[in-house]
Amino acid sequence: APPECPFCGEAAGPELEEHVRARHGHLLGAPGTGNGDQLYECPMCGLTCTNIQILEEHVDLHLQEHSFSEGGNMRDLELAQRLQTEEDERQRSEEEKREREEFKKLQRQYGLDNSGGFKQQFLRNMEREVDRGRMQPFEYHKRKADMMESLASGIDDGKTKTSGVIEALCKYYQNESKDVRRVWLSAGVDHFHSSLGDRGWGCGYRNFQMLLSSLLQNSFYNDCLRDTTLIPSIPKIQSMIEDAWREGFDPHGASHFNNRLHGSKAWIGACEIYSLLTSLRIKCQIIDFHKPTGPMGTHPRLFEWILHYYSTDNEGGAKVVCTSKPPIYLQHQGHSRTVVGIEEKKNKSLCLLLFDPGCSSQEMQKLLKQNSDGTSLKLLRKFVGSLKEKQYQIVAVDGVLSLEEKAARCRASQVLTSEKIP
């Protein structure tokens, strides 16, 4: 606000001094006319002066101080505005830096940081093993040669494979497990676990290998798998998914990976498995359990769906039902596993049997020599209370596609959506 006159209160602006002298000079008196007996009171602070000149000088000081204060306020305002602008720019710069760091972290987490793929990780991890004295140099060179041969052929070397587990489970349930009322097992499936080359990111590829191992044992799928008679290596699977993208499957998902998987450590999920299977003319569907359907964040509807999948066309009185159904791909945030069967307990509770790519061959071998108490089954069993992620997706195989059906699904995948269980 403009400065006010100390005598009349009128807003005088920068001409305050002239206003006081012009309008109220009589109150100040004429310079040099005072005498020792007369007192003069300052109209601004009440100070009593004995000389009109002293009072005039005193009032001038008030006016100068007021003018300086006004200028100081303006400078303070400008300074405050500048400091606020600098603070806003600093916060914006820090936010952009955090966003870049988070983006790089996500790229590293999902293998999209151009740090190399299966081959580079395999070699780096073997070099670390040699440096730590846990691998001899001759073994390093042998395993490197085997790995290079596997990459050249596109065929998995089988070093992480365990076969015969389903058959061992069938025998176990027929003879033991008194608390199990019934059990349904998938068709034969081999277990594959992560290796030095894909540890930390390869679970989706290993689960595809498990699913494919079962399909290759079923003559019903011979025609659509005639070009895939052996289990492909992880880099080969990456190339197969890229081929599916080039056919037109799931362009939105492909763009997430910049249409490139080979040579990376990119995680894959249910959509990539669906696209790959469909491109091979294998009929499948994605089911999305997008929210818990039971207490404490559990998913009983997921268990019920899987029970229905295995038990349909497999009813009867047998305690152990070895079905012809392929295993199921099970995905949640950060990991995937393969469902190979389901138990129904005598108290009606359900328990899934899962193959986990994170479980080593040494652990899986214990299931081939199953103890009578079934302790090794802890590796496989998951009860309703054990699966409490927010969301789950499954990919279930249910037949073979004609060329026309494959083309139709390719077109539909351009707006690919999963079936959601309410």
Restricting to Cα pairs under 8 Å and 6 or more apart, the percent relative contact order of the stretch 162-420 works out to 32 percent
Excluding ligands, DNA and RNA, the carbon-plus-sulfur percentage of the accessible area of the stretch 162-420 with a 1.4 Å probe reads 49 percent
The aspartates and glutamates whose Cα lies under 17 Å from the Cα of Lys406, excluding any fewer than 8 residues away in the same chain, are Asp223, Asp227, Glu242, Asp243, Glu247, Asp250, Glu272, Asp398
Computed over the stretch 322-378, protein heavy atoms only, probe 1.4 angstrom, the accessible area per residue in square angstrom equals 41 Å²
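Leaving out ligands and nucleic acids, and using a 1.4 Å probe, what accessible area per residue does the stretch 225-282 come to in Å²? Let's see the in-between values first.
Values: 2290 Å² over 58 residues.
Per residue, the stretch 225-282 has an accessible area of 40 Å².
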The answer for Cys42, listing residues at least 5 apart or on another chain whose modeled amide H is closer than 5 Å to its amide H, is Leu47, Thr48, Cys49
HN-Hα couplings for the stretch 234-239 via Karplus (6.51, -1.76, 1.60; θ = phi - 60°), in whole Hz with x for Gly/Pro, come out as 4, x, 5, 4, 4, 5
Most packed first (mean Cβ within 10 Å per residue), the peptides 119-128, 404-413 order as 119-128, 404-413
Packing-ranked peptide list from 228-234, 57-63, 204-210, highest mean Cβ count within 10 angstrom first, is 204-210, 228-234, 57-63
Applied in sequence order to the stretch 352-360, the curve 6.51 cos²θ - 1.76 cosθ + 1.60 (Karplus, θ = phi - 60°) yields integer Hz couplings, x standing for Gly and Pro, of 7, 10, 10, 8, 10, x, x, 8, 6
Rounded to the nearest 10 Å², the accessible area of Arg199 using a 1.4 Å probe with every protein chain kept is 140 Å²
Counting only residues 5 or more apart in sequence or on a different chain, those whose built amide H sits under 5 Å from that of Arg182 are Glu344
From the Cα centre of the stretch 267-312 to that of the stretch 137-174, the distance in Å is 27 Å
If every Lys and Arg gets +1 and every Asp and Glu gets -1 at its Cβ, then about the Cα centre the stretch 162-420 yields a dipole, in debye to the nearest 20, of 660 debye
Once phi for every residue in the stretch 248-265 is put through the Karplus expression 6.51 cos²θ - 1.76 cosθ + 1.60 (θ = phi - 60°), the whole-Hz ³J(HN,Hα) values, with Gly and Pro written as x, are x, 6, 6, x, 5, x, 4, 5, 4, 9, 6, 6, 9, 10, 4, x, 10, 10
Length gained, Ser361-Asn258, 0.36 nm per residue minus C-alpha separation, equals 33.7 nm
Order by accessible surface, 1.4 Å probe, largest leading, for residues Ser255, Ser349, Ser279 comes to Ser255, Ser349, Ser279
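The values are calculated or read from the model by the stated rules, or taken from the named source; none is laboratory data. What you are looking at is a predicted structure, and each value in this text was computed from that prediction instead of being measured. Don't worry about glycine lacking a Cβ; one is built from the backbone with ideal geometry, like all the others, and counts go over all protein chains shown. The protein model used for the area step is the full one, side chains on, heavy atoms only, and it has no ligands, DNA or RNA in it. Shrake-Rupley method; radii C 1.70, N 1.55, O 1.52, S 1.80 Å.
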